[in-house]
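First the structure, in the form of structure tokens, and then the observations on it.
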């Protein structure tokens, strides 16, 4: 399916991602990858913001939130899905997923995994809106599902960066069905070929207060170690500068003494 070359798939199962040490690689800190069992592919979540979670009245956990948005949607649509040979394999039932290039951007074909029932996946309340005139109301050109209409329909995860622990999950899916025109039924000859939402699937998971307290304790320990490391580096740098300064003074004094001795020998 990929030109005869094996395709390596990366992605967390959702409870744990790479820890902060992994962020030393360029570009890694801007996104994380979580594997979706429903779409059968890794999904890229991009950084939204850094935040603080309250573990107790005094304990705070520093975390970072990530969202599955337009960047992840574009990358999830794998390039080889558009090849004709892949489409033929998907239609014949050889694969467990279909070709997404026939769907609107942001939507994915689930029919291959559901006995060829034309199910389509998208994020909840996603609309593809295009308008030629910037002053025109965008909903006048509503042609499909692609863009979220509100924060309550977003797919997000919150990660404690030091350990990579996922402390909050908000996975939200919309399952729709595609209706086609068909001459054998009067109803199916009247309507347009459209995608109609069937149901939403929402999966949320939050860490317990005890888990957050434990992570807060670990973060305090890391901060103490980091402060101690910085203090040692600063102390070492100051000591090095002092040693260089004292060495220069001693060298200057020895040089002057040697010059005086030579002058006495010449006289």
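The values are calculated or read from the model by the stated rules, or taken from the named source; none is laboratory data. As the structure is a computational prediction, the values presented were derived from the model and not from experiment. Neighbour counts run over all protein chains shown; Cβ positions are idealised from the backbone, glycine included.
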### Query
In this structure, is residue 223 more than 30 Å from residue 65 (Cβ to Cβ), loosely packed, with under 13 Cβ neighbours inside 10 Å and out of contact with any strand residue (DSSP E or B) (no Cβ under 6 Å at 6 or more places or on another chain)?
no
Check: loosely packed, with under 10 Cβ neighbours inside 10 Å, at pLDDT 65 or above and either on the phi > 0 side of the Ramachandran plot or assigned by TED's automatic domain parsing to the domain that holds residue 55 (or both), is that true of residue 194?
Finding: no
